[in-house]
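Asker: To start, I am sharing the structure in question, which I have written as structure tokens.
The values are calculated or read from the model by the stated rules, or taken from the named source; none is laboratory data. Keep in mind it's a predicted model, so treat the numbers as computed, not measured. Methodologically, a virtual Cβ is constructed for each residue, glycine included, from the backbone with ideal geometry; neighbour enumeration extends over all protein chains shown.
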């Protein structure tokens, strides 16, 4: 067992929410700490990726073939003279 000090207002709000959700205080704190650790891992991965791009930026030529090959389909343009279908009414 580990004891920690928490702000009274914070723990009161947590207790209201966890009671409404039917969770124990321990479960809520475990979930919060797990989420915090996961967020830290993601933030570290983003920093590593950003550092990599700073050290070796992407050149325009690197993706030129891919971007040049992309063809986006033309969306069908509705006719100004086409009649709109009215929604069918359900019988009561």
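Asker: Determine the pairs where a residue that is on the phi > 0 side of the Ramachandran plot and assigned to a helix (DSSP H, G or I), located within region 21-35, has a partner that is at pLDDT 95 or above and surrounded by 11 or more Cβ atoms within 10 Å (Cβ to Cβ) with Cβ atoms under 6 Å apart, the partner being 6 or more residues away or on another chain.
Answerer: none
Asker: Identify, from the list 32, 12, 20, 45, the residue that is at pLDDT 95 or above and loosely packed, with under 10 Cβ neighbours inside 10 Å.
Answerer: Just one listed residue meets the conditions, 20.
Asker: Separate question: For region 61-72, indicate whether the set of residues that are surrounded by 10 or more Cβ atoms within 10 Å (Cβ to Cβ) and modelled with pLDDT of 95 or more is non-empty.
Answerer: No.
Asker: Can I ask one more? Of the numbered conditions (1) surrounded by 10 or more Cβ atoms within 10 Å (Cβ to Cβ); (2) outside any helix (DSSP H, G or I), residue 5 fails exactly one; give the number of that condition.
Answerer: Against the list (1) surrounded by 10 or more Cβ atoms within 10 Å (Cβ to Cβ); (2) outside any helix (DSSP H, G or I), residue 5 comes up short only on (1).
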